[in-house]
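Each reported figure results from applying straightforward, stated rules to the coordinates on display, with no laboratory input. Since the structure is predicted, the reported quantities are computational estimates derived from the model, not experimental observations. Every residue, glycine among them, receives a Cβ derived from its backbone with ideal geometry; neighbour counts consider all protein chains shown.
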Amino acid sequence: MAGSVRPLSPHLGVYRWYFTMGLSIAHRVSGAGLVVALVGLAWWLAALAGGPARYAQAQAVLGGWLGGLVLLGFTLLFFYHALNGVRHLVWDTGRNLDKHAAHRSGVLVVAGAVLLTLLTWLALLLVG
Amino acid sequence: MATPTSTPTATQGVAARVQAQASTRRGAKTWLRERATALALVPLSVWFLLSAVSLAGAPYAEARAWLAGPFNTTAMLLLVVVLFEHARLGVRVIVEDYVHREPVKLAALLLTDFAAAALGLACVVAVLKIALGS
């Protein structure tokens, strides 16, 4: 068919890895990971609607060490994807597009994601 | 450039080739929708995060009462609808980039749309059930 002979992107194999490229892939990977979190949100809402017994089951899963670890991972994915999403929105206005600005905002996004994840879990431990 | 001497069949051949390779002209709409959902998710995410932290480990009655409040019901419905649309658009881009066999791609795209609609609707039903207290 005509479609199969046309050039296709992204060409992952032909580039040397560099920082902003890694962040770009990480945006996609974190987005895909958050789709799993979205299924989790649907599961939690269904449990809350399903009555006390199902809610207690869900809370037990989320409160366990494995549930906590997964939630911690989702928190990091969320903050990375959200902050990098804002970075993309700024780019869409035509700002910060040159190499050095992109590198700086990338460092900011990674640092911000780690910091906000730590702050969120600190707050969780203090509340809970 | 078409010249007066070009035959109708040759022109048709070019038209068919262009048709096969051209965009569907829906790119701008999709692009805007990706940005609009991303933008809407900024305040909704802040609300969700603050709520999740303050609600962590809450007993059943408290969690139900929280979600049944009109503000939280509205915010959760907005979040769910916008989030599933954002996720649907994102997964579609991933499928379009990596799945190149046309029938498989079409099936994956349809599956993405169906799954987003079904799961999103399930969330809406759950939220409404809680909001209406049944």
*asked:* Using a Cα-Cα cut-off of under 30 Å, which lysines could be cross-linked to A:Lys99, ignoring same-chain neighbours fewer than 8 residues away?
replied: B:Lys29
*Which FRET efficiency value, to the nearest 0.05, do you get for B:Leu121 and B:Trp47 by plugging their Cβ-Cβ distance into 1/(1 + (r/R0)^6) with R0 = 22 Å?*
0.50
*At q = 0.13 Å⁻¹, what log₁₀ I(q)/I(0) does a Debye calculation on the Cα points of the protein assembly as shown give, no solvent, two decimals?*
-0.97
*Averaged over A:29-36, how many beta carbons belonging to a partner chain fall within 10 Å of each residue's beta carbon?*
3
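Let me make sure I get this right: for the stretch A:13-69, a, b and c are the square roots of the gyration tensor eigenvalues over alpha carbons, sorted descending. Under 1.5 in a/c it's rounded, otherwise prolate if a/b > b/c, else oblate. Which is it?
On the way: a/c = 5.99, a/b = 3.03, b/c = 1.98.
Prolate shape, in that a/c is at least 1.5 and a/b is the bigger ratio.
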*When the Debye formula is applied to the Cα atoms of chain A, each taken as the same point scatterer, what base-10 log of I(q)/I(0) results at q = 0.19 Å⁻¹?*
-1.11
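Can you give the FRET efficiency for A:Leu125 and B:Leu110, using 1/(1 + (r/R0)^6), R0 = 30 Å, r = Cβ-Cβ distance, to the nearest 0.05?
Numbers: r = 43 Å, r/R0 = 1.45.
E(calc), rounded to 0.05, equals 0.10.
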*Over all residues in B:85-91, what is the mean tally of Cβ atoms on other chains that come within 10 Å of each residue's Cβ?*
3
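Dipole of the protein assembly as shown, Cα-centred, from +1 at each Lys and Arg C-beta and -1 at each Asp and Glu C-beta, to the nearest 20 debye? Kindly include the intermediate steps, with their values, before the conclusion.
Numbers: 20 positive and 9 negative charges, 104 e Å.
Approximately 500 debye in magnitude.
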*Could you run the Karplus curve 6.51 cos²θ - 1.76 cosθ + 1.60 with θ = phi - 60° over the stretch A:27-41 and give me ³J(HN,Hα) per residue in whole Hz, x for Gly and Pro?*
4, 5, 5, 5, x, 5, x, 6, 4, 5, 4, 5, 4, x, 5
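If each DSSP helix of 4+ residues adds -39,500 (n - 2.57) and the sum is divided by the residues in the protein assembly as shown, what number results at 222 nm, nearest 500 deg cm²/dmol?
Working: 9 runs with 211 residues, N = 262.
It comes out at -28500 deg cm²/dmol, rounded to the nearest 500.
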*Counting only other chains, what is the mean number of Cβ atoms within 10 angstrom of the Cβ of each residue in peptide A:45-58?*
4
*Rounded to the nearest 0.05, what FRET efficiency do A:Leu89 and A:Tyr18 have when you use their Cβ-Cβ distance and R0 = 25 Å?*
0.65
*Can you pull the three principal axis extents for the Cα set of the stretch A:77-128, in Å, largest first?*
43, 17, 13
